Amino acid sequence: MVKRTIIALVLFISLIGIGTYEMIAVNKIITRLDNKTAELQTLVKENENNLTVVTDSIDNLKGYWDKHEYGLYLMFNHKDLSTVTDSLSKLKSYVSSNDYDDAITEVNLLKEYTEKNIPIMGFNLQNIL
């Protein structure tokens, strides 16, 4: 009986530890993505007439996302995460063609998506199991 209690307690503490780590890691990744998107949003607005100067910033943001995307795939729905990947691809296309209206719309959608998903992708016992 004592052995079962100890095993149950160790499992419970492990789940809490994994959940806490997940919450901190995901919050950090999504918050940085949100901050980088806010910077990109400002750059796009400032360079309305020549969007090609923000190409490096988009590549930087896409590189950050690519680096952390796989880890998030282990915890979350692929469809939700592929929205960010698709949005970044569209944004890069719009910037290379100097299409300000579509580019600013895509940046705003990306910003909204990151802002709204910070609390959703935080601690959730269902994500652990």
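How about the stretch 1-41: which of its residues are under 30 Å from Y94 (Cα atoms) and surrounded by fewer than 12 Cβ atoms within 10 Å (Cβ to Cβ)? Those that are under 30 Å from Y94 (Cα atoms) and surrounded by fewer than 12 Cβ atoms within 10 Å (Cβ to Cβ): K28, N35. Scan the stretch 90-97 and give yes if some residue there is of a type outside the set (S, T, N, Q) and free of Cβ contacts under 8 Å to residues at least 24 places away in the same chain, otherwise no. Looking through the stretch 90-97, at least one residue is of a type outside the set (S, T, N, Q) and free of Cβ contacts under 8 Å to residues at least 24 places away in the same chain.
Scanning the stretch 42-51 for residues that are in a loop (DSSP other than H, G, I, E, B) and buried (at least 17 other Cβ atoms within 10 Å of the Cβ) yields a single hit, N47.
Considering the stretch 76-124, and only residues there that are assigned to a loop (DSSP other than H, G, I, E, B) and under 12 Å from the mean Cα position of the chain (by Cα), the residue that is modelled with the highest pLDDT turns out to be F76. Consider Y73 carefully, then state whether it is at pLDDT below 85 and surrounded by fewer than 18 Cβ atoms within 10 Å (Cβ to Cβ). Taking the combined requirement at face value, the residue satisfies it.
The values are calculated or read from the model by the stated rules, or taken from the named source; none is laboratory data. Fair warning: this is a prediction, and the values are worked out from it, not measured in the lab. Here Cβ is always computed from backbone atoms with ideal geometry, including for glycine, and neighbour counts include all displayed protein chains.
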